[in-house]
Amino acid sequence: MKFVMYGAGNVGRGFIAPLFSQAGYDVGFIDINKEVINELNRRREYEYCIASGEPRRITVRSVSGIDGSDEKSVAEAVSSCDIMAVSLGAAALERVAPLIAKGLLKRWAYKREPLNILICENLKDSAALLSGWISAALPPQDRPGLSGKCGFVEAAIGRMIPVAIPVEGDPLLLSVEEYGFLPVDKDAFIGDIPNVPGLVAHSPFAFYEERKLYLHNMGHAVCAYLGLTRGHKFIWQSIADPVIRLATMCAMTESAATLSARYQTPFHQVFDHAEDLLLRFTNKLLGDTCERVGRDPMRKLAAGDRLAGPLSICGTMGIHPVYIAVGFAAALVTSASCAEEARRIVASHSGLTENQSELVLMFFELFKRCEPLEVILQEAERQKGKLRGAIV
C-alpha cells in the first residue's frame, strides 16, 4: 500500500505520515525542500521525538522523497498511490493544485480507483477550495467527473508540532506532543475508509472542524497575542501568567458555550476538551513560542478564521464574546498602528458587525494606551455585564 504525503513539513512528518506508516503503508513525501527530500531518500527512515514527561523517539520507516519541482514525478506519485494527504498552507496548496490535477488525469487514463485526499490544513472550507482549484486546472470535459473520482476529506489537526528548525542538527528530526488522534470527515470519502489507528471518521464533521479552529486555534492565538503584550517568549510562560490564563480560559469558555449550543452537544464535553488544551499549552518541552503561534496575524484576523469566526457565531447563539474580543484586539495591535487602520481592518477584512467592531476597537485603544491587562479584563467584565440581555 502506498501513501503520498504532499508536504514534508512538521504536520506531514510529525503526525500524518507516522499514522499511515504504523498502519503498514509505504510513505512517499512530496516537497520542494531538497535537503529534506535527499535525506529521506538516503536514509529511507527518520525519527521524531515525543515531548512528554519522559521524552522518547519513534522511527518512521519505509519512506521516500519526491522532488516537488519534478512535475512528472509528482504526477506519477498522485496517479499511483492508494491514498494521499496535503499539508502545505493555503497559498502553496493553490499553487500545487495544477500538479495534483495532472496526476489525477494520469490516474484516470490508467482507469485506477478513485483517490481520497486528506486535507490537513487549518483552513476553513478547505475541501471546497482545493476541489475548486483542481477543477479549474482540469480540461473542461473532465471537470464534471471530479466529484465522483476524488474524495476531498477535511481533517482536524490537533497535534501541536511547533519546532520549525532542525532538532540537534538533524533536518528530519521533529519534536511533537503525544496527542495522536486525527478526526476526518466520514461523509467525504469515496469508497472504504482506510483502517488506520488514530484516524477517526466523524459525521457530521462541521463540529470537529469548528472545534479545532474556533476552540483550539482561537485559544492558542489568544494566549500567544496576550503573551506578546506582556513580553512572554514561550506559550508555556504565557499560559502560566495567571491573568493571561484567566483571559484565555474565558475566551475558550465563550467559544465552548457557542459550539455546545450550535451543535447541541453537552457543554461539559466541549469544555473538557478546552481544559485539556489549556493543560497541553503548558508543555515546556515543546518550546513553542508566542511569536510562532501569532505569526501571520492578518490571516488569523480574516473573516471566518480563528478569531473573527467565533466572534461572529457567538452572537448568533446568544453568547457574548467579550474575552474573544480582547484576544482579537491584542492580535490587531500587531497589525494596526492606529485606530483608523484598525477600523479599516475590522470593517473590510474581518466581517464583524458594527457592535462587535466597536467592542474590539475599544479594547484595541486600551492596548495601544498600554493599559495593564488586569485593567483591560476589568473593563471586559463591565462590558459583559452591560451585554447581558442583549446580543452583540
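Is the range 263-319 best put as rounded, prolate or oblate by its Cα gyration tensor, with a ≥ b ≥ c the root eigenvalues, rounded for a/c under 1.5, and otherwise prolate when a/b is larger than b/c, oblate when not?
It comes out oblate by the Cα gyration axes.
Could you please report the charge total around E35, scoring K, R as +1 and D, E as -1 over all other residues with beta-carbon less than 14 angstrom from its beta-carbon?
Working: positive: R13, K34, R42, R43; negative: D31, E39, D67, D170.
Charge balance in the 14 Å sphere: 0.
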### Message
Apply the a/c threshold of 1.5 to the C-alpha gyration tensor of the range 2-203 and tell me whether it is rounded, prolate or oblate.
### Response
prolate
#### Entry: Spacing of the two label points (7 Å from each Cα toward its C-beta) at R57 and H202, in nm
3.4 nm
### Task
Report Rg/Rh for the chain, rounded to two decimals, where Rg is the Cα radius of gyration and Rh the Kirkwood radius.
0.99
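Would you mind telling me the antiparallel percentage of the DSSP bridges in the chain, rounded to 5?
Details: 9 of 38 bridges.
Here the share of antiparallel DSSP bridges comes out near 25 percent.
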### Task
Under a 10 Å cutoff between Cα atoms, tell me which one of E254, E358, E121 has the largest fluctuation in the Gaussian network model of the chain.
E358
### Task
Please identify every one of the trypsin sites (Lys or Arg not before Pro) in the range 147-231 that sits in a loop by DSSP and has no more than 16 other beta carbons within 10 Å of its own beta carbon.
R230
### Query
Who wins for biggest fluctuation among G103, G53, G287 in a Gaussian network model of the chain, springs between alpha carbons below 10 Å?
G53
### Task
Extending each Cα 7 Å along its Cβ direction at L285 and E45, get the distance between those two points in nm, one decimal.
2.1 nm
### Task
For A201, enumerate residues with amide H under 5 Å from its amide H, sequence gap 5+ or separate chain, H modeled in the peptide plane.
V184
### Query
In the range 140-206, what GluC sites (Glu not before Pro) fall in a loop by DSSP, with at most 11 other Cβ atoms inside 10 Å?
E168
### Message
Place a point 7 Å from the Cα of V243 along the Cα-to-Cβ direction; which residues of the range 355-383 have their backbone N under 12 Å from it?
### Response
367, 370-379
### Net charge of Cβ neighbours under 10 Å - reference P114; Lys, Arg +1; Asp, Glu -1
+2
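Net charge within 12 Å of V60 by Cβ-Cβ distance, Lys/Arg positive one each and Asp/Glu negative one each, not counting V60 itself? Let's see the in-between values first.
Values: positive: R13, R43, R44, R57, R61; negative: D26, E45, E47.
Computed value for this residue: +2.
Considering only lysines 8 or more places apart in sequence, or on different chains, count the pairs in the range 88-185 whose C-alpha atoms sit under 16 Å apart.
Number of lysine pairs found: 4.
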#### Entry: Candidate lysines for bridging to K233, where Cα separation is under 21 Å - those fewer than 8 sequence places away on the same chain excluded
K284, K300, K368
#### Entry: Overall form of the range 207-387 per C-alpha gyration tensor (a/c, 1.5; a/b vs b/c)
rounded
### Task
Work out from phi, with θ = phi - 60° and the Karplus expression 6.51 cos²θ - 1.76 cosθ + 1.60, the ³J(HN,Hα) of each residue of the range 223-239, listed in order in whole Hz, and give x for Gly and Pro.
4, 5, 5, 5, x, 5, 5, 9, x, 7, 8, 9, 4, 5, 5, 5, 6
### Alpha-carbon centroid distance for the pair the range 202-223 / the range 97-132, whole angstrom
24 Å
#### Entry: Protection proxy ranking, peptides 331-338, 306-313, 68-75, average beta carbon neighbours within 10 Å, highest first
306-313, 331-338, 68-75
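None of the figures in this text is laboratory data; all of them are computed from the coordinates on show. Computed from a predicted structure; not experimentally measured. With ideal geometry, Cβ positions are generated from the backbone for all residues, glycine too; neighbour counts draw on all protein chains shown.
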